[in-house]
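Below is one structure, written out as structure tokens, with a few remarks after it.
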Amino acid sequence: MSGTDGNDVSPALPERTESALRDRSTWASPPPGLEDALLAGLRRERDQDRAVTTDDDRARRAWDPRNLIIAAVVTLVVLAGTAIGLRVVGGQDGPEAHQVALVGTTLAPDAHAEATIVSKPSGFEITLDIEGLPPAPAGAYYQAWLKSADGDLVTIGTFHAREGGDAIILWSGVDPEGFELLTVTLQKQGGGAESSGQVVLTGTLP
Amino acid sequence: MDGRVDPEVLRGFAAGDDAAFEEVVRHFAGPMFAVAMATVGNRELAADAVQQALIAAWRASSSFSPDADLAPWLCTITWCAIDVWRRDRRHRGPDLTATTEVAELAPGPTYEAVWEAWQVRRALDSLPADEREVVSLHYLEGLTQSEIAVRLGIPIGTVKSRTHRAHHHLQQLLAHLADEIREGTR
């Protein structure tokens with residue numbers, strides 16, 4: 001923290017965090033009474049929604065510009081539910097399947113993937129359905145990881161994706177539930193067992 | 001992250017319970033408003049955008065799984081709502097001041113930027129008041145520790161200890177953001 005009159009031993013914060021702390025919008029508080037006003041407005045909306053009984057009423061509300069906005073958002077959220085790591089529980093007759101969406105980083109901006117995690121007797125099967133990720137170049141490969149909140153990494157497998165678009169099946173001997181992120185890195189062959197830190201895909205585990 | 005919503009409230013929220021939803025509003029209005037302000041730059045418009053986001057959240061609540069973390073789900077709704085709201089206002093034509101028009105027409109933030117701002121705000125909201133105050137005086141007003149001590153009428157040693165605790169708390173809550181930056185996720 002600069003300007004601390006010297007001898008400051010406070011833990012350093014990431015530069016982007018400090019930048020956010022200097023941004024007034026980060027600190028912006030809702031105007032007094034906004035929460036109550038929001039709740040009053042929401043109650044009115046709920047009451048109106050519940051009072052809609054005729055087709056004419058529904059049509060009027062459906063074409064209200066504000067309701068068009070809200071409907072668009074709801075549609076986006078429901079369709080994009082997995083993009084924020086929502087857990088989807090599988091069928092009643094089989095093992096639970098948890099789905100996590102991964103997004104490409106600046107290293108692979110066109111890439112995206114969906115991971116399906118299923119508990120099996122020998123561990124956790126993680127199926128990656130990836131699109132937009134280029135094949136690993138010669139001398140390199142991709143590696144998938146589970147990452148905990150403390151930064152601990154557990155590898156769950158490697159692949160190169162050079163010969164087609166089949167789903168990639170990986171395995172974890174640890175329960176993904178104790179981890180925060182599922183990531184894919186680009187590794188250099190012969191570069192050792194540690195993560196290269198070159199993350200190409202990342203997804204938040206529920 | 002610190003400050004997760006009570007699981008009973010999450011279950012009520014997903015089930016459409018009014019009281020649970022109101023609890024969620026009180027819990028998250030701050031970060032939602034901060035995100036809206038970062039995008040539209042006007043308090044009145046930000047309040048309107050947050051209103052739209054909350055209505056959308058209520059209508060989509062049945063799609064939320066109570067086992068999940070509500071914060072990223074709600075942040076996504078806020079981001080989507082602001083984006084759709086901005087495009088709708090552009091389509092209907094600006095009817096506000098030139099300053100507001102510029103704010104509305106500027107490119108919207110990425111979801112990653114919005115989620116990061118959300119997390120920083122929630123971390124700030126979780127700080128004790130005395131720690132939050134010294135952080136605010138330093139980062140928003142640019143005061144040195146000596147100046148903060150004079151402003152608050154407290155010894156500089158107290159300022160230093162509050163600053164140290166605040167930074168420690170923020171680092172604990174936000175360290176994962178630094179990791180994601182180093183690993184090229186941002």
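The values are calculated or read from the model by the stated rules, or taken from the named source; none is laboratory data. Keep in mind that what you see is a predicted model, and the values were worked out from it rather than measured. Glycine also receives a Cβ, built like all others from the backbone with ideal geometry; neighbour counts cover every protein chain displayed. For the accessible areas, the whole protein counts, side chains as well, though only heavy atoms, and no ligand, DNA or RNA atoms are used. Shrake-Rupley method; radii C 1.70, N 1.55, O 1.52, S 1.80 Å.
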The conditions are (1) over 21 Å from B:LEU74 (Cα atoms); (2) touching a Gly at 6+ places or on another chain (Cβ under 9 Å); (3) outside any loop (DSSP other than H, G, I, E, B), and B:LEU143 fails exactly one of them. Which is it?
(3)
Does B:LEU105 count as at pLDDT 85 or above, more than 14 Å from the chain's Cα centre (by Cα), over 26 Å from A:GLN99 (Cα atoms) and open to solvent by 20 Å² or more (accessible area, probe 1.4 Å)?
no
Looking only at the range A:149-203, count every residue that is within 12 Å of chain B (Cβ to nearest Cβ), open to solvent by 70 Å² or more (accessible area, probe 1.4 Å) and either within 18 Å of A:THR127 (Cα to Cα) or among the basic types (Lys, Arg) (or both) and tell me the total.
1
Subset of the range A:19-41 [in a helix (DSSP H, G or I) and either more than 7 Å from chain B (Cβ to nearest Cβ) or of a type in the set (Gly, Ala, Ser) (or both)]:
A:SER19, A:ALA20, A:SER25, A:ASP36, A:ALA37, A:ALA40, A:GLY41
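Per-residue answers, yes or no, for (1) closer than 29 Å to B:GLU112 by Cβ; (2) at pLDDT 55 or above:
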| site | (1), (2) |
| --- | --- |
| A:GLU45 | no, yes |
| A:ASP64 | no, no |
| A:ILE84 | yes, no |
| A:PRO95 | no, yes |
| A:GLY104 | yes, yes |
| A:ASP110 | yes, yes |
| A:PHE124 | yes, yes |
| A:ALA138 | no, yes |
| A:GLN143 | yes, yes |
Could you run through the range B:57-87 and say how many residues are farther than 16 Å from B:TRP118 by Cβ, within 7 Å of chain A (Cβ to nearest Cβ) and assigned to a helix (DSSP H, G or I)?
6
Can you find a residue in the range B:147-165 that is open to solvent by 50 Å² or more (accessible area, probe 1.4 Å), part of a loop (DSSP other than H, G, I, E, B) and over 30 Å from B:ILE77 (Cβ atoms)?
yes
Conditions (1) crowded, with 16+ Cβ neighbours inside 10 Å; (2) under 19 Å from A:ALA193 (Cβ atoms): number failed by A:LEU128:
(2)
Across the range B:27-46, the tally of residues that are in contact with a Pro (Cβ under 7 Å, 6 or more places away or on another chain) and either surrounded by 22 or more Cβ atoms within 10 Å (Cβ to Cβ) or modelled with pLDDT under 80 (or both) stands at 3
